[in-house]
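Heads up, the thing below is written out as structure tokens.
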Amino acid sequence: MNFVTKINKTATNYSRKLFHLLTKSNNKNPKPDNIKGQKFIDIELTNKCNARCIFCPREKTPKQGFINFQTFEKAVQRAEEYNHSPIIDLCGLGEPLLHPNVVDYVKYLTDRNFYSRITTNAHLLTRDLSVRLIKAGLNELRVSISGIGNKYKDIHHLDFEMTKKNIVDFLKLSKGKCNIVLSITKCKPIENEIDELKNYWRNLGIDEIIVFNCINRGGALDMDYYFLNNNRFYLEAKEILSTNSISPLCMAPFVFYFIGWDGQYYLCCHDFCKKLPLGSIFNFSIKEMDSIKKKTIENIFYFCKNCDFDVINVIRENLYKIENKEFSTLLLEKKINELKSNQTEF
């Protein structure tokens, strides 16, 4: 079995759980009927943003711009030629509602029977824009929001009441037409308030809420991790993974395809600084990216060495915490079983 076949087989299992997590919907809009081999394509409309979230290394974002129609059209063409009915997420590393043609792009996807999703902070989601997005056939709106009131302002540097009004208006307008999901990033200011936040938004009518841990964006965001800037526990972590039949290879790059506004493929969305463009959509198909990514990971020594999403680093960080008596071996065993269960299910 060659690498690409093996990756696609593994990614098929990997995507089953992700599909239910990321595309669960109560509306009647079309979505993929068969999740076998499901892929997700993130088309970045822009890497500009109107927010300054404390968990986003915005200052490290490289050259900023907006995708043009020719590039967007080619990205969608690549999705069409890929025989996996991919879900299209208009997100990237910026705020998609900043793009003046966002409604036209959603309509373009609807006309081609793609399941479309926008991830936004909703601060620019006016009532008029909501109406036009829903009319264009948007399937899912995912709102990223952490905190309420002044705490929200401190985290996102945006006005909470305006964002709240936009979300409530969208809820009323989209009922039965477009699904809305709330995404909370568990950052330090609100780490003990997650249940309170869930209840707050559920009382306003949002049923689907996903909580994500804060991540270091491949090392772009400064976080106090022990594993950074050294190789300690690397061999021990690999041994633990091997003993427990856990693959050290992260599946994210082979399930989520990231296309920048400039038309370049990137390893994954964790390459926040876009240090590693893999080739243009005008030169390579999505299918060709699996082999290119595999060769890239092999030829560039441990490219993901600063990423806290990396499987080896997850184990290394836990080993450090055990050494510093911040973590018990029982919690490490729990993490190992979680990784093993996920990879078995995926």
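For segment 177-193, what does the Karplus curve 6.51 cos²θ - 1.76 cosθ + 1.60, with θ = phi - 60°, yield as ³J(HN,Hα) per residue in whole Hz, taken in order and with x for Gly and Pro?
10, 9, 7, 10, 10, 9, 10, 10, 9, 7, 9, 3, x, 10, 4, 9, 10
If I model a spin label at Asn113 and Glu288 as a point 7 Å from the Cα along the Cα→Cβ vector, what separation in nanometres do I get?
With each label point 7 Å from Cα toward Cβ, the separation is 2.7 nm.
Within the set Lys238/Lys321; Lys39/Lys335; Lys188/Lys294, which residue pairs have Cα atoms separated by over 24 Å?
Lys39/Lys335; Lys188/Lys294
Once you have the Cα-Cα distance between Asn229 and Thr329, take 0.36 nm times their residue separation minus that, and quote the gain in nm to one decimal. Walk me through the numbers on the way to the answer.
Numbers: separation 100, 0.36 × 100 = 36.00 nm, distance 2.41 nm.
So the chain would gain 33.6 nm between Asn229 and Thr329.
Just grab the label-to-label distance for Lys63 and His157, each label 7 Å out from Cα along the Cβ direction, in nm (one decimal).
2.4
With every protein chain present, what is the per residue accessible area of segment 45-168 (1.4 Å probe, Å²)?
It amounts to 41 Å² per residue over segment 45-168.
For segment 256-334, just say rounded, prolate or oblate: build the C-alpha gyration tensor, square-root its eigenvalues into a ≥ b ≥ c, call rounded for a/c under 1.5, and beyond that prolate if a/b exceeds b/c, oblate if not.
prolate
Name the shape class, rounded, prolate or oblate, that the alpha-carbon gyration tensor gives for segment 134-221, where a ≥ b ≥ c are the square roots of its eigenvalues, rounded holds for a/c under 1.5, and otherwise prolate holds if a/b is larger than b/c and oblate otherwise.
Working: a/c = 1.85, a/b = 1.53, b/c = 1.21.
Prolate shape, in that a/c is at least 1.5 and a/b is the bigger ratio.
Which loop GluC sites (Glu not before Pro) in segment 127-221, with loop taken from DSSP, have no more than 13 other Cβ atoms within 10 angstrom of their Cβ?
Sites meeting the loop and neighbour criteria: Glu191.
Relative contact order for segment 251-333 using alpha-carbon pairs under 8 Å, separation at least 6, rounded to a whole percent? The partial results should precede the final answer.
Working: 58 pairs, mean separation 13.3, N = 83.
The normalised contact order for segment 251-333 reaches 16 percent.
Using Cα-Cα distances under 8 Å and only pairs 6 or more residues apart, what relative contact order does the chain have, in percent?
Normalised by residue count, the contact order of the chain is 21 percent.
For segment 213-289, what class follows from the C-alpha gyration tensor (a ≥ b ≥ c being the square roots of its eigenvalues): rounded when a/c is under 1.5, otherwise prolate if a/b is larger than b/c, else oblate?
oblate
Looking at Ile67, His270, Thr296, which one has the Cα that reaches farthest to the positive end of the dipole of the chain (charges on Cβ: Lys, Arg +1; Asp, Glu -1)?
It is Ile67.
Measuring from label point to label point, each 7 Å out along Cα→Cβ, what is the Asn101 to Ile322 span in nm?
In this crude label model, Asn101 to Ile322 measures out at 5.4 nm.
Which value, in debye to the nearest 20, gives the size of the charge dipole of segment 85-205 about its Cα centre, when Lys and Arg are +1 and Asp and Glu are -1 at the Cβ?
Working: 18 positive and 14 negative charges, 73 e Å.
About 360 debye.
The values are calculated or read from the model by the stated rules, or taken from the named source; none is laboratory data. None of the values given here were measured: they were computed from a predicted structure. Ideal geometry is used to build each Cβ from the backbone, glycine not excepted, and the neighbour counts take in all protein chains shown. Calculation scope for accessible area: heavy atoms of the full protein, side chains included, ligands and nucleic acids excluded. Shrake-Rupley method; radii C 1.70, N 1.55, O 1.52, S 1.80 Å.
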